[in-house]
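The values are calculated or read from the model by the stated rules, or taken from the named source; none is laboratory data. No experiment lies behind these values; they were computed from the predicted model shown. When we count neighbours, we look across all protein chains shown, and the Cβ atoms used for this are built from the backbone with ideal geometry, even at glycine.
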Amino acid sequence: MTPRTLRQLRQFHLWFGMIFAPAILFFAFSGALQTFDFQETVDGVAPPKWIAVIAAIHKKQDFPKPRKPRAEAAAPVTAAAPAAKSAAPRPTPTHSSWPLKVFVGVMSVGLMTSTLLGIAIALSNRTSRRRSLLLLTLGTVLPIAMLFV
């Protein structure tokens, strides 16, 4: 590759990196929270609202919707169908999921750290600082605006 081609590739890397850095930070953080099930209701205790909101955005690209209460079936219960469905317990896995969860947690921290270092490096370059700030702002505002469309 020629030096000019490498310079152009570095420019594209800078532009894409600054546009997608806010989303990378958001999804790495919210994914780490979900890896450790922080968005789940445990023993009747709901998670903090902010965790529920970012989990919904991460999983469904939308704000959480209130759940509608389930309507009871209007059909009469027959002898063949039990009156109330009992929740079948989930089968326990034969292996531990913790090693992979720890790996994903460490990976999320590494991805966030790497992204923050990339932002710091980009903003330390005086010749491209203004463009980097503009792209970083665009990468922050655009996805937030798309949530409301």
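Name the single residue, out of those in the range 31-44 being aliphatic (A, V, I, L, M) and modelled with pLDDT of 90 or more, that is surrounded by the most Cβ atoms within 10 Å (Cβ to Cβ).
In the first step, residues of the range 31-44 are kept if they are aliphatic (A, V, I, L, M); the result is 32-33, 42.
From what's left, modelled with pLDDT of 90 or more: 32-33.
Working: 32: 19, 33: 17.
Selected residue: 32.
Taking the conditions exactly as written (out of contact with any Pro (no Cβ under 9 Å at 6 or more places or on another chain), at pLDDT 70 or above and assigned to a loop (DSSP other than H, G, I, E, B)), does residue 99 satisfy them or not? It would help to see each step written out before you state the result.
Numbers: out of contact with any Pro (no Cβ under 9 Å at 6 or more places or on another chain): yes; at pLDDT 70 or above: yes; assigned to a loop (DSSP other than H, G, I, E, B): no.
The answer is no for residue 99.
Only one of 90, 131 is charged (D, E, K, R) and at pLDDT 95 or above. Can you tell me which?
Details: 90 fails: at pLDDT 95 or above.
That would be 131, the only listed residue that is charged (D, E, K, R) and at pLDDT 95 or above.
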